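Chemist: Quick one: this structure, given as structure tokens, is what I'll be asking you about.
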Amino acid sequence: MGLMARLFDLLFGPGLRELRKTVEVFRENTEAGEIRAAQARAAALHQFGAEFYPTQRGRFDRLMDAVNRLPRPGLALGTLGLFVAAMADPAWFATRMQGIALVPDPLWWLLGAIVSFYFGARHQAKGQEFQSRLTETIARVPQVMTNVAVLERLGERADTGSDATLALDTLTPKHNRALEDWRETR
């Protein structure tokens with residue numbers, strides 16, 4: 001690079017920087033373009049992750065999360081309770097079911113819509129949470145691949161081929177002056 005830099009300084013003198021700027025008007029600097037693209041990808045991943053994982057969650061958010069966890073267990077336990085009530089007191093259960101039979105159809109439709117929207121929204125929120133975790137996992141892939149390559153290199157051993165002497169030399173410990181001195185002092 002030094003020779004080429006000197007050659008360009010000789011040819012273009014102090015105007016080399018201006019020549020670069022002029023060329024970059026017509027052709028993008030590839031290295032700078034790749035840096036900008038990598039920064040844009042990193043910023044998009046960071047923004048995507050921040051959207052689904054707020055850093056500060058207040059008491060109200062935690063309370064709402066707890067309340068949102070109640071309907072599914074409530075529906076399941078309520079249904080089991082109806083079975084228990086039907087077995088424990090059939091007459092009482094039949095009376096209650098006659099009352100439910102009087103509920104008008106539009107009210108049943110409204111209940112169905114509310115339950116559908118609740119579980120649909122929950123399904124969508126859980127799907128988005130899964131996608132954000134998947135994005136974080138994918139973002140860690142290059143580091144994991146680097147770690148795997150380093151570990152594979154650490155596990156490689158020298159190939160001694162068919163040379164038995166060389167193989168024995170690699171497995172037999174050599175003369176260690178420091179170890180011998182230490183043993184003598186003990």
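Laboratory data are not the source of any read-out in this text; all were calculated from the coordinates shown. Just so we're clear, the structure is a prediction, and the values are computed from it rather than from any experiment.
Chemist: Mind listing the phi-derived Karplus ³J(HN,Hα) values for region 79-95, rounded to whole Hz, using 6.51, -1.76 and 1.60 with θ = phi - 60°, and x for any glycine or proline?
Modeler: Along region 79-95, the couplings run 5, 4, x, 5, 5, 5, 5, 5, 7, 6, 9, x, 5, 4, 4, 4, 4 Hz.
Chemist: For region 39-114, take N as its residue count and report Rg(C-alpha) divided by 2.2 N^0.38 Å.
Modeler: Details: Rg = 22.1 Å, N = 76, 2.2 N^0.38 = 11.4 Å.
Output field value: 1.94.
Chemist: Can you tell which of G127, G49, G99 shows the greatest fluctuation in a Gaussian network model of the chain with Cα springs below 10 Å?
Modeler: G99
Chemist: Of all alpha-carbon pairs in the chain, indicate the percentage at a distance above 21 angstrom.
Modeler: Numbers: 13864 of 17205 pairs.
When all Cα pairs of the chain are counted, 81 percent exceed 21 Å.
Chemist: A further question follows. Taking the chain as a Gaussian network, where each spring joins two C-alpha atoms under 10 Å apart, which residue of R72, R17, R140 fluctuates the most?
Modeler: With Cα springs under 10 Å in the chain, the top fluctuation among R72, R17, R140 is at R17.
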